[in-house]
Amino acid sequence: MSQPAPIFVTQPHLPPLEEFVPYLEKIWSNKILTNGGPFHVQLEQALCDYLGVEYLSLFTNGTVALVTALQALRITGEVITTPYSFVATAHSLLWNGIKPVFVDINPVTLNLDPARIEAAITPQTTAIMPVHVYGHPCDVDAIQDIADRYNLKVIYDAAHAFGVRDAKDRSVVLNGDLSVLSFHATKVFNTFEGGAIVCRNAKIKKHIDHLKNFGFVDEVTVAAPGINGKMSEFNAALGMLQLQHIDQALARRQQIDALYRERLQGIAGLRCLADAGEKRSNYAYFPILVDDEYPLSRDALFQKFRDENIYVRRYFYPLISEFPMYRGLPSAHRDNLPVATAAANQILCLPIYPALEREQMDRVLELLIVP
Ligand code: T4K
């Protein structure tokens, strides 16, 4: 008997191929492939409109955008951040010669815990880099309050948070000094690879635009040691097309989220993260926590899924603070990070993506319900 097709934690949302052809024809005919071409200009504006922001700069990916965001604000010394994220968050600090200082997370949201930030501030601290994990908004007001009192910058890693709104019903990426988005293939809105920095005024956008183009201000002037962070016309054109399908994709994600929640209710030992509420989530991930009460350990459950060709993921295990380049830091010690350590050992992200079929969800749920 043939095995059912594998199910991955995510599958990129792709528009019908024929819809992309006219975009490609335009690129082929005008022969502008990159360096701020027409699709790049259009996508920056379209994303500003969609997200409800004024200033956005496209990037080749989220990681280069994070590295550049830190450069743009000339962040040095120490930056307070979360160990419970994808490794790119802390790597962006190391690439800038900045020391990450890990602070524990809130047990309900799994985001950086504002109540623990102040104790980690030293004279070297210059900024806070929180992450809206799984697209759920951080406690942005509490974080801004601390930043204001200690004169710190705030750079949000908003890689997961496309289209999310905060408690005041503002685009979540308007918080902090800068917010960084990822448009990687695995994200809610994807341009294959891509990313963006959302900033607050035209002056900083101009500076960021220079930085992503080697520091060039004009043909003969290089104002800063910039990098090549430019998004190509191919990716930008794809972004324009993806935007036409994004609302439909988000609605389907929301249905899947609701169905999982309903079916998982009352299973002893499995906990869903609190529903952040409509518009406050983009349903980018469906994380569950496997408690001691559940008959299987998290890793035994993970393996059980693998054996059935279902590739659930342990985002975020191991913690960033466990990787060799971070584990020697005093703040990386597990005693400093009990909540994050427990979450990393209990977390499992279930498949969620617009094309996930009901029958595939049933396969996933069956394995959870009958361990
Ligand atoms: N900050 C945060 C908080 C982030 O989560 C990320 C990225 C970043 C910063 C950096 O942004 P970027 O520089 O990436 O723009 C994936 C993604 O590569 C990464 O973008 C993402 N976070 C992270 C959470 O997940 P992996 O190593 O788990 O990806 P991979 O290749 O194992 O893909 C997961 C599953 O998705 C596969 O099992 C199958 C499916 N898949 C994947 C790709 C790439 C497809 O079906 N097609 C595809 O093309 O990191």
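The values are calculated or read from the model by the stated rules, or taken from the named source; none is laboratory data. Since the model is a prediction, treat every value here as computed from it, not as a measurement. Please note: Cβ atoms are built from the backbone with ideal geometry, for glycine as well, and neighbour counts cover all protein chains shown.
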Subject >> Qualifying position, being touching a residue at least 40 places away in the same chain (Cβ under 8 Å), away from the ligand (no atom under 13 Å from the Cβ) and not β-branched (Val, Ile, Thr), among Pro114, Pro100, Pro130 >> reply: Pro100
Original post:
Which one is farthest from Thr60 (Cα to Cα), of the residues in the stretch 154-211 that are more than 16 Å from the ligand (Cβ to nearest atom) and basic (Lys, Arg)?
Top reply: Lys168
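For (1) at pLDDT below 95; (2) among the acidic types (Asp, Glu); (3) within 17 Å of Ala69 (Cα to Cα), each residue gets a yes or a no:
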{"residue": "Gln144", "(1), (2), (3)": "no, no, no"}
{"residue": "Leu152", "(1), (2), (3)": "no, no, yes"}
{"residue": "Ala158", "(1), (2), (3)": "no, no, yes"}
{"residue": "His207", "(1), (2), (3)": "no, no, yes"}
{"residue": "Glu233", "(1), (2), (3)": "no, yes, no"}
{"residue": "Leu250", "(1), (2), (3)": "no, no, no"}
**OP:** Would you point out the residue of the stretch 275-324, among those that are in a helix (DSSP H, G or I) and within 23 Å of the chain's Cα centre (by Cα), that is nearest to the ligand (Cβ to nearest atom)?
**Re:** Ile320
Original post:
Taking interchain pairs and intrachain pairs at least six residues apart, which have beta carbon atoms under 6 angstrom, with the first residue in the stretch 176-189 and under 8 Å from Pro12 (Cα atoms) and not assigned by TED's automatic domain parsing to the domain that holds Arg252 and the second outside any loop (DSSP other than H, G, I, E, B) and within 7 Å of the ligand (Cβ to nearest atom)?
Top reply: none
Original post:
When you look at Ile80, is it aliphatic (A, V, I, L, M), part of a strand (DSSP E or B) and either within 16 Å of the ligand (Cβ to nearest atom) or touching a strand residue (DSSP E or B) at 6+ places or on another chain (Cβ under 6 Å) (or both), yes or no?
Top reply: yes
**OP:** Give the stretch 61-88 a look and list any residue that's within 18 Å of the chain's Cα centre (by Cα) and either outside the structural domain of Thr109 (by TED's automatic domain parsing) or under 20 Å from Phe323 (Cα atoms) (or both), or say none.
**Re:** Thr63, Leu66, Val67, Ile80, Thr81, Thr82, Pro83, Tyr84, Ser85, Phe86, Val87, Ala88
Subject >> Flag for Arg200 being surrounded by fewer than 24 Cβ atoms within 10 Å (Cβ to Cβ) and without any contact (Cβ under 8 Å) to a residue 24 or more places away in the chain >> reply: no
Subject >> Test: residue in the stretch 164-173 that is outside any loop (DSSP other than H, G, I, E, B), surrounded by fewer than 23 Cβ atoms within 10 Å (Cβ to Cβ) and on the phi < 0 side of the Ramachandran plot >> reply: yes
Original post:
Has the stretch 338-358 got any residue that is of a type in the set (Lys, Arg) and assigned to a helix (DSSP H, G or I)?
Top reply: yes
**OP:** Just give me the residues in the stretch 9-31 being part of a loop (DSSP other than H, G, I, E, B) and either among the basic types (Lys, Arg) or in contact with a Cys (Cβ under 8 Å, 6 or more places away or on another chain) (or both), in sequence order.
**Re:** Val9, Lys31
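Per-residue answers, yes or no, for (1) within 16 Å of the ligand (Cβ to nearest atom); (2) touching a Ser or Thr at 6+ places or on another chain (Cβ under 9 Å):
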site	(1), (2)
Trp28	no, no
Leu33	no, yes
Glu44	no, yes
Gly52	no, yes
Leu56	yes, no
Gly62	yes, yes
Leu70	yes, yes
Subject >> Complete set of residues in the stretch 119-136 that are of a type in the set (A, V, I, L, M, F, W, C) and part of a loop (DSSP other than H, G, I, E, B) >> reply: Ile121
Subject >> Residue that is within 15 Å of Val131 (Cβ to Cβ) and either among the charged types (D, E, K, R) or touching a Leu at 6+ places or on another chain (Cβ under 7 Å) (or both), where the choices are Val154, Val164, Val173 >> reply: Val173
Original post:
Given the structure, is Gly52 farther than 17 Å from Lys212 by Cβ and of a type outside the set (A, V, I, L, M)?
Top reply: yes
Original post:
Is there a residue in the stretch 236-246 that is under 30 Å from Tyr23 (Cβ atoms) and either loosely packed, with under 13 Cβ neighbours inside 10 Å or acidic (Asp, Glu) (or both)?
Top reply: yes
